[in-house]
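The values are calculated or read from the model by the stated rules, or taken from the named source; none is laboratory data. This is a predicted model, so every value here is computed, not measured. With ideal geometry, Cβ positions are generated from the backbone for all residues, glycine too; neighbour counts draw on all protein chains shown. Ligands, DNA and RNA are excluded from the accessible area calculation, which covers all protein heavy atoms including side chains. Shrake-Rupley method; radii C 1.70, N 1.55, O 1.52, S 1.80 Å.
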Amino acid sequence: MNLTFATAGRVLSQLRGDHRTVALIIVLPCLLIGLIAWMFEDRPEVLDRFGPMLVGIFPLIVMFLVTSVATLRERQSGTLERLMTTPIRKGDFVAGYGLAFATLALVQALVVVGFATWVGMDVDGPLWLVLVVAMLDAVLGCTLGLAASALARSEFQAVQMMPAILFPQLITCGLLMPRDQMPEVLEWLSRVFPLTYAVEAMTSLAAGDEWAGVRGAVGVIALFIVGAVLLGVLTLRRRTE
């Protein structure tokens, strides 16, 4: 446990000095939501409808990108290989990274949800649940990024993994078309993608559902997080060949 906290502290210390990454994590989602609010300032119902979905989607995408590149950089620089000569285990490394980015995810969720409501997004469901789901979505992005980084051999390939993994989910998650109106094959395919449940939870909260209405989707998101962490531990390599 001490090694996990030590790893998390090291990652947070590095990120604190990386102002561009912090801006990407905190500022970019707010900027995108602000642009949408500005575009549809005469039609506030658009932000009310799509804002909660985007509050769940943007953090997931950003955290996926940042985590996959950061983990790969650890391998390329030889940091991971040196760490593995110490008593630290793969589980400690992955858990430490997960804890560090979960801390950032909490800050991100607070800022993004607060900003979205400030620019006019109305949510009929409990705002604290919107915050919880947004944080879980960001953590999911982190864990998926950790798992995906094992498949990449360079930072460029890590960036390439993002459209391959996330774009099919964006198309079938219900953002562009209600899932029950999709072709049956795509509707079934959407059920195996984690982003589907992130959008489902946010849509339900926007419509006024309480915990009972979103606990199923939240539970599935949590299962995907656990599965991605386990996959990250199993596929973590000391260095990039």
Answer yes or no as to whether Arg153 is more than 25 Å from Leu32 (Cα to Cα) and not β-branched (Val, Ile, Thr).
yes
Find all pairs meeting these conditions: Cβ atoms under 8 angstrom apart; at least six residues apart or on different chains; first residue within segment 208-227 and closer than 14 Å to Leu131 by Cα; second residue polar (S, T, N, Q).
Val214/Ser204
I'd like the residue in segment 64-118 that is open to solvent by less than 20 Å² (accessible area, probe 1.4 Å) and aromatic (Phe, Trp, Tyr) and, out of all such residues, is modelled with the highest pLDDT.
Phe64
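Name the residue, out of Gly219, Gly232, that is under 21 Å from Met63 (Cβ atoms) and touching a Ser or Thr at 6+ places or on another chain (Cβ under 7 Å).
On the way: Gly219 fails: touching a Ser or Thr at 6+ places or on another chain (Cβ under 7 Å).
Matching residue, one of Gly219, Gly232: Gly232.
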Ala212: passes all of (1) among the hydrophobic types (A, V, I, L, M, F, W, C); (2) part of a helix (DSSP H, G or I); (3) open to solvent by less than 40 Å² (accessible area, probe 1.4 Å); (4) more than 21 Å from Phe101 (Cβ to Cβ) but (3)
Arg43 versus (1) farther than 28 Å from Gln169 by Cβ; (2) open to solvent by 20 Å² or more (accessible area, probe 1.4 Å): which is the lone unmet condition?
(1)
